[in-house]
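Colleague: Below: one structure in structure tokens.
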Amino acid sequence: MIRVISPWVAGLVGLAIQSSSATAGTLVSNAIVTAVRRGDCPTAIKELNSEANSNQSQTALFVGGRMLDEGICVKRDPLAASQFFERSTELGDSNAALDYAAKIGLGEGTQQDYQRAGDACHKAGIDPQGKLSFYSLGYACTVRGVAGRLLRETLPKGAFRIPTAPAIIEFRPSTSEIHVQSAPKAERGEVRTGSFVGVPLVDARQAIEKAWGDALAAVPKPDAASLGPEIVSLPLDLDMTLEIGRNAAADAKGQLLPGDFFTNRPAGQSH
């Protein structure tokens with residue numbers, strides 16, 4: 001059960017929030033995402049394979065990871081998504097790093113490890129002051145990743161203006177307490193009879209609290225003794241720039257090809 005706590009400014013999320021907002025803006029004009037949004041999955045897949053393998057594009061790899069993770073234009077494959085997020089992280093994409101941290105916490109495509117997930121999340125810009133142990137941070141970032149995916153997959157299209165700034169969540173891992181510090185303003189639907197103002201398409205805070213609760217139930221159960229009492233501030237990715245095309249007809253023959261870009265790692269690295 002989620003218990004709401006009083007507002008608490010736990011520190012700056014800083015670079016992670018700025019990066020999330022910047023990436024959302026970049027995705028709007030990205031050729032791969034543009035193809036997905038217009039329902040042209042074959043073109044999106046062709047473009048993604050070209051950029052990911054020949055240009056080593058961190059953005060293309062991040063988008064490919066999201067497509068695989070959420071089943072957009074391709075068959076859902078969380079394990080392959082982990083590989084795309086990992087390589088994009090190596091190339092410097094902090095949003096991919098947050099998604100990869102969640103994969104580590106879930107044990108999808110890599111060994112489950114909240115400690116290592118916390119290290120990855122910290123390097124991506126979460127808890128820059130180091131208030132939490134890596135174990136607590138890894139657990140928090142894993143819940144964050146799952147909650148964000150659930151929201152992007154289930155929120156109605158047009159719920160928020162695109163690109164969408166992240167919501168800011170304050171979370172205490174040891175007690176599962178959550179406070180929605182800020183959330184994007186929801187767009188409004190059709191005006192009802194007798195009213196001059198349309199009803200918001202979604203109650204953002206209510207949706208976030210529900211998704212967070214579902215995520216808490218879905219992630220591997222943590223060792224309670226390893227969770228500290230500190231609160232962490234987390235950006236929650238609600239941008240649905242890519243997800244607008246989630247109902248496009250998948251390309252039955254389309255396949256994302258991660259093989260080539262793994263051959264270009266620096267010596268000594270492995271996935």
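The values are calculated or read from the model by the stated rules, or taken from the named source; none is laboratory data. These figures come from a predicted structure and were not determined experimentally. Every residue, glycine as well, gets a Cβ built from its backbone with ideal geometry; the counts of neighbours run over all protein chains shown.
Colleague: Looking only at region 205-232, which residues are small (Gly, Ala, Ser) and at pLDDT 95 or above?
Modeller: Residues satisfying the conditions are 207, 211, 213, 215, 217, 218, 224, 225, 226.
Colleague: While we're looking at this one, here's another question. Between 110, 164, 154, which is polar (S, T, N, Q) and within 26 Å of residue 226 (Cβ to Cβ)?
Modeller: Going through 110, 164, 154 in turn, just one is polar (S, T, N, Q) and within 26 Å of residue 226 (Cβ to Cβ): 110.
Colleague: A further question on this structure: One residue is enough: does region 23-33 have a residue meeting the conditions in a helix (DSSP H, G or I), at pLDDT 90 or above and out of contact with any helix residue (DSSP H, G or I) (no Cβ under 7 Å at 6 or more places or on another chain)?
Modeller: Within region 23-33, not a single residue is in a helix (DSSP H, G or I), at pLDDT 90 or above and out of contact with any helix residue (DSSP H, G or I) (no Cβ under 7 Å at 6 or more places or on another chain).
Colleague: Oh, and also: Out of the residues in region 197-224 that are surrounded by fewer than 19 Cβ atoms within 10 Å (Cβ to Cβ) and farther than 26 Å from residue 104 by Cβ, state the one that is farthest from the chain's Cα centre (by Cα).
Modeller: The selected residue is 197.
Colleague: Sort out which residues of region 94-134 are in contact (Cβ under 8 Å) with a residue 60 or more places away in the chain and closer than 15 Å to residue 237 by Cα, and write them in order of number.
Modeller: Listed by number, the residues that qualify are 94, 95, 98, 124, 125, 126.
Colleague: Moving on. Considering region 133-154 alone, what residues qualify as being surrounded by fewer than 24 Cβ atoms within 10 Å (Cβ to Cβ), of a type in the set (S, T, N, Q) and either under 14 Å from the mean Cα position of the chain (by Cα) or closer than 22 Å to residue 214 by Cα (or both)?
Modeller: Residue satisfying the conditions is 154 alone.
Colleague: Against the definition (surrounded by fewer than 24 Cβ atoms within 10 Å (Cβ to Cβ), part of a helix (DSSP H, G or I) and of a type outside the set (A, V, I, L, M)), how does residue 46 come out, yes or no?
Modeller: Yes, satisfied.
Colleague: Has region 95-111 got any residue that is of a type outside the set (Gly, Ala, Ser), in contact with a Leu (Cβ under 8 Å, 6 or more places away or on another chain) and modelled with pLDDT of 95 or more?
Modeller: yes
Colleague: Mind checking whether some residue in region 119-132 is farther than 20 Å from residue 217 by Cα, crowded, with 24+ Cβ neighbours inside 10 Å and charged (D, E, K, R)?
Modeller: yes
Colleague: Here are the criteria: (1) under 18 Å from residue 243 (Cα atoms); (2) without any contact (Cβ under 8 Å) to a residue 12 or more places away in the chain. Tell me which single one residue 70 does not satisfy.
Modeller: Just one mismatch for residue 70, condition (2).
Colleague: Could you check how many residues of region 146-160 are in contact with a Lys or Arg (Cβ under 8 Å, 6 or more places away or on another chain) and either among the hydrophobic types (A, V, I, L, M, F, W, C) or more than 17 Å from residue 72 (Cα to Cα) (or both)?
Modeller: Count: 1.
Colleague: Related question: For residue 227, only one of the following conditions fails: (1) closer than 22 Å to residue 162 by Cβ; (2) surrounded by fewer than 22 Cβ atoms within 10 Å (Cβ to Cβ); (3) in contact with a Phe, Trp or Tyr (Cβ under 7 Å, 6 or more places away or on another chain); (4) aliphatic (A, V, I, L, M). What is its number?
Modeller: Exception for residue 227: condition (1).
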